[in-house]
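A.B. asks: Can you keep this structure in mind? I'll have questions shortly.
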Amino acid sequence: MANERLRGAILASGLTVEQIAERIGVSARTVERWVEAKDQRRPYRRFQYALANLLQRDLSDLWSDEQSTSDTAEAGRAELLRLYPHRAVVPKELWTTMYSGAARHFDLVVYAGFWLSEDPLFFRLIREKANAGVPVRMMLGDPDSPQVAQRGEDEGIGPAMAGKVRNALANYAPLFKVPGVEFRLHSTTLYNSLYRADDEMLVNGHVHGVGAYLAPVLHLAQVPGGELFSTYAASIERIWESSRRITSPRLEGEAA
């Protein structure tokens, strides 16, 4: 069944399918498929918002089963438990308290995260959770990647960033043989360091010119209808899929 809501909004806008396609960066045929809605076809989320903005309509005006923009915004506010101006003022126990509750997800996405690699309690939590069957996924930056080198330049520490990654890996050496703990290296341009434990997450922003310890931290909790948490969670999955597994902190000779 065609999406008559979307068809009507396009007609009311005075724009042609070709004009809409050009403005949001897809083919005209793709827009036609969205209108035809065969097999429940609908745009990716970013295109849904682009269409809604272009047509000056709410998402719920175009797709009846979508919640309104105001409802989504309200849910997003509920997801934000607390905002810290920089990581240095986050209570130290929050990181370990959050991870201690993990039963399904234990994820860490950083370039180095060296400070955590020196925390004995964090090590104990990793072992305990892995032994309990929780998959522990540790994603660090590839120290030989241009992304790590650029982050070092951005923070004003140059090659020291790659050194921090290598030192963190060396600290984690005893955990490489723990069943259920997997280490991967990524070559991603990180805009945030991400720390997830089930439905809670700490998002440490990256700010040009300063170290992550001086950047803001969002403490998030997933709530129904919210999209803030799920956006960052999806980012974790993309980084995981694009990263390469390592079986030793000694990177020389590792297979890609």
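The values are calculated or read from the model by the stated rules, or taken from the named source; none is laboratory data. Here the structure is a predicted model, which means the values were calculated and not measured. Heads up, the Cβs are rebuilt from the backbone with ideal geometry, glycines too, and the neighbour counts pull from every protein chain shown. Only protein heavy atoms, including side chains, enter the accessible area calculation; ligands, DNA and RNA are left aside. Shrake-Rupley method; radii C 1.70, N 1.55, O 1.52, S 1.80 Å.
A.B. asks: If the reach is capped at under 20 angstrom between alpha carbons, list the aspartates and glutamates near Lys164, excluding any in the same chain fewer than eight residues apart.
C.D. replies: Once the sequence-local aspartates and glutamates are set aside, what remains near Lys164 is Asp107, Glu118, Asp119, Asp142, Asp144, Glu153, Asp154, Glu155, Glu182, Glu252, Glu254.
A.B. asks: Follow-up. Using a Gaussian network model on the chain with a 10 Å cutoff between Cα atoms, which of Leu175, Leu140, Leu194 fluctuates the most?
C.D. replies: Among Leu175, Leu140, Leu194, the largest mean-square fluctuation in the Gaussian network model of the chain belongs to Leu175.
A.B. asks: Quick check for me: using +1 on Lys/Arg Cβ and -1 on Asp/Glu Cβ, what's the dipole size of the chain about its Cα centre, in debye to the nearest 20?
C.D. replies: On the way: 30 positive and 32 negative charges, 92 e Å.
My answer is approximately 440 debye.
A.B. asks: How big is the equivalent ellipsoid of the chain along its three axes, where each semi-axis is √(5λ) from the Cα gyration tensor, reported in whole Å from largest to smallest?
C.D. replies: Details: eigenvalues 323, 84, 66 Å².
Its equivalent ellipsoid spans semi-axes of 40, 20, 18 Å.
A.B. asks: Another question, then. Cα centroids of region 34-56 and region 105-138: how far apart, whole angstrom?
C.D. replies: The distance from the Cα centre of region 34-56 to that of region 105-138 comes to 39 Å.
A.B. asks: Another question, if that's okay. Once you charge only the Cβ atoms, +1 for Lys and Arg and -1 for Asp and Glu, what is the size of the charge dipole of region 22-170 about its Cα centre, to the nearest 20 debye? Let's see the in-between values first.
C.D. replies: On the way: 21 positive and 21 negative charges, 61 e Å.
Result for region 22-170 is approximately 300 debye, rounded to the nearest 20.
A.B. asks: Enter the accessible area per residue of the chain (Å², integer; probe 1.4 Å; all protein chains in place).
C.D. replies: Working: 13110 Å² over 256 residues.
I get 51 Å² per residue for the chain.
A.B. asks: Using only helices, what value at 222 nm comes out for the chain when you add -39,500 (n - 2.57) per DSSP H run of length 4 or more and divide by the total residues, to the nearest 500 deg cm²/dmol? Write out the running numbers ahead of the final one.
C.D. replies: On the way: 12 runs with 115 residues, N = 256.
The helix-only estimate for the chain comes to -13000 deg cm²/dmol at 222 nm.
A.B. asks: Out of region 117-212, which GluC sites (Glu not before Pro) are coil in DSSP terms and have no more than 14 other C-beta atoms within 10 Å?
C.D. replies: Numbers: sites: Glu118, Glu128, Glu153, Glu155, Glu182, Glu200; in loops: Glu118.
Listed in order of number, the matching sites are Glu118.
A.B. asks: Just to be sure I follow the definition: excluding the sites themselves, where is the longest run in the chain that has none of the chymotrypsin sites (Phe, Trp or Tyr not before Pro) in a DSSP loop with at most 12 other Cβ atoms within 10 Å? Write out the running numbers ahead of the final one.
C.D. replies: Numbers: sites that count: Tyr44, Tyr191.
That gives 45-190 as the longest site-free run.
A.B. asks: While we're looking at this one, here's another question. Convex hull over the alpha-carbon atoms of region 129-189: what's its volume per residue in Å³? Walk me through the numbers on the way to the answer.
C.D. replies: Details: hull volume 4.9 nm³, N = 61.
Each residue corresponds to 80 Å³ of Cα convex hull volume.
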